[in-house]
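Novice: Quick one: this structure, given as C-alpha cells, is what I'll be asking you about.
Coordinate-derived values only; no laboratory data. Not measured: the values here are computed from a predicted model. A quick note on method: Cβ atoms are made from the backbone with ideal geometry, for glycine too, and the neighbour counts reach across all protein chains shown.
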Amino acid sequence: MALLVSTVTLAAYHFWLAKPTAGLAVVDLASVVKIKETEFTTLLSRPNVSDEDRKAAYLMVSRIGPAIEHAVDRLQKDCGCTIVVKSAVIAGPAEDLTPRLKAMLGMSPGTEAQGGGVEP
C-alpha cells in the first residue's frame, strides 16, 4: 500500500507540479566580440580617420555590450532554454544559437572574426 501511495504521489508531482527541464544552448560570444573588435580596429586604422569616424567607433563599442545582453535575453526567452558560453561546454549536445545571435546584432550569418559586419 505504501508503495502504491508513493508511486501515485510521485506521478502526480511529476505531471502537475514539476517544472520541465529546460534544454541547453550555446553561443560563441568570443567570436561575436572578436568581429566587433575587428570592425572597431578597421574603422580607426584607416588613413585619414576623421573625428566623426572616431566618435562612431567609440559609440559602437559603448553599445555592443548592452546589445549583446539584450539579444541573449531575447534568445533565451525564445528558446526557453539555458544559454551558456560555447567554450564552457566540454561534451554533450547543445544547440548553437550563435548564428541567430549574429543575425540579431545585424551581422551576416557567415561573418567570421576576420570579416566585417554591420554595427547594431
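Novice: Given a cut-off of 22 Å, name the pairs among Lys36/Lys102; Lys77/Lys102; Lys55/Lys77; Lys36/Lys86 whose C-alpha atoms lie farther apart than that in the structure shown.
Specialist: On the way: Lys36/Lys102 11 Å; Lys77/Lys102 17 Å; Lys55/Lys77 33 Å; Lys36/Lys86 18 Å.
Violating the 22 Å limit, Cα to Cα: Lys55/Lys77.
Novice: Suppose every Lys and Arg Cβ carries +1 and every Asp and Glu Cβ carries -1, with no other charges. What dipole size does segment 21-104 come out with about its Cα centre, to the nearest 20 debye?
Specialist: Dipole of segment 21-104, to the nearest 20 debye: 40 debye.
Novice: Quote the convex hull volume per residue of segment 21-104, based on C-alpha atoms, as a whole number of Å³. Let's see the in-between values first.
Specialist: Numbers: hull volume 7.4 nm³, N = 84.
Normalising the Cα hull of segment 21-104 by residue number yields 89 Å³.
Novice: List Met1, Met60 from most exposed to least, where exposure is judged by having the fewest other Cβ atoms within 10 Å.
Specialist: Fewest-to-most Cβ neighbours within 10 Å comes out as Met1, Met60.
Novice: Same structure, new question: If the chain between Met1 and Val49 were fully stretched, how many nm would it gain, using 0.36 nm times the residue separation less the Cα-Cα distance?
Specialist: On the way: separation 48, 0.36 × 48 = 17.28 nm, distance 8.18 nm.
Extra length from Met1 to Val49 when fully extended: 9.1 nm.
Novice: Then there's this: Ser62 versus Asp78, label points 7 Å from Cα toward the beta carbon: distance in nm?
Specialist: 2.8
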